[in-house]
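K.L.:
Below is the structure I would like to discuss, written out as structure tokens.
The values are calculated or read from the model by the stated rules, or taken from the named source; none is laboratory data. All values derive from a computational prediction rather than experimental measurement. With ideal geometry, Cβ positions are generated from the backbone for all residues, glycine too; neighbour counts draw on all protein chains shown.
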């Protein structure tokens, strides 16, 4: 059974024999056509960093908006010990709940309204 070509350089559907050498030649030609068209090769696309991986947000000013002065003071102190503000839960009709993570990414804590640290909040966080 022949194999169909769906490479961007192909305008029509080509068929190739099923031998391994023919497939290797086909893939080399396809990679060369992609390189000439300015597109990334398959290996280049796969070696790039996953876009859905954890992105460290350097500017936390949006997250800090709405926090109490006590929470901000505690956050400032925790940042010196390598804790980072990752997100803020904002339940309806309730005060914002800032969640901080240690740099190891395993431990997390919640900053209460009075600035205290709660390492055992009433909710779980997905890994």
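K.L.:
Can you find even one residue in the range 16-29 that is over 21 Å from residue 124 (Cα atoms), at pLDDT 75 or above and either surrounded by 14 or more Cβ atoms within 10 Å (Cβ to Cβ) or in contact with a helix residue (DSSP H, G or I) (Cβ under 7 Å, 6 or more places away or on another chain) (or both)?
P.N.:
Yes, the range 16-29 has at least one match.
K.L.:
Let me ask something else. Within the range 94-118, which residues are surrounded by fewer than 10 Cβ atoms within 10 Å (Cβ to Cβ) and free of Cβ contacts under 8 Å to residues at least 40 places away in the same chain?
P.N.:
Initial filter on the range 94-118 (surrounded by fewer than 10 Cβ atoms within 10 Å (Cβ to Cβ)): 94, 104, 106, 114.
Correct list: 94, 104, 106.
K.L.:
Is it true that residue 100 is within 24 Å of the chain's Cα centre (by Cα), at negative phi and assigned to a loop (DSSP other than H, G, I, E, B)? Show your work before the answer.
P.N.:
Numbers: within 24 Å of the chain's Cα centre (by Cα): yes; at negative phi: yes; assigned to a loop (DSSP other than H, G, I, E, B): no.
It is false that residue 100 is within 24 Å of the chain's Cα centre (by Cα), at negative phi and assigned to a loop (DSSP other than H, G, I, E, B).
K.L.:
So, one more: Do we have any residue at all in the range 50-66 that's at pLDDT 90 or above, assigned to a loop (DSSP other than H, G, I, E, B) and over 24 Å from the mean Cα position of the chain (by Cα)?
P.N.:
no
K.L.:
OK, next. Just checking, which of 121, 91 is surrounded by 13 or more Cβ atoms within 10 Å (Cβ to Cβ) and not in a strand (DSSP E or B)?
P.N.:
Working: 91 fails: surrounded by 13 or more Cβ atoms within 10 Å (Cβ to Cβ).
Matching residue, one of 121, 91: 121.
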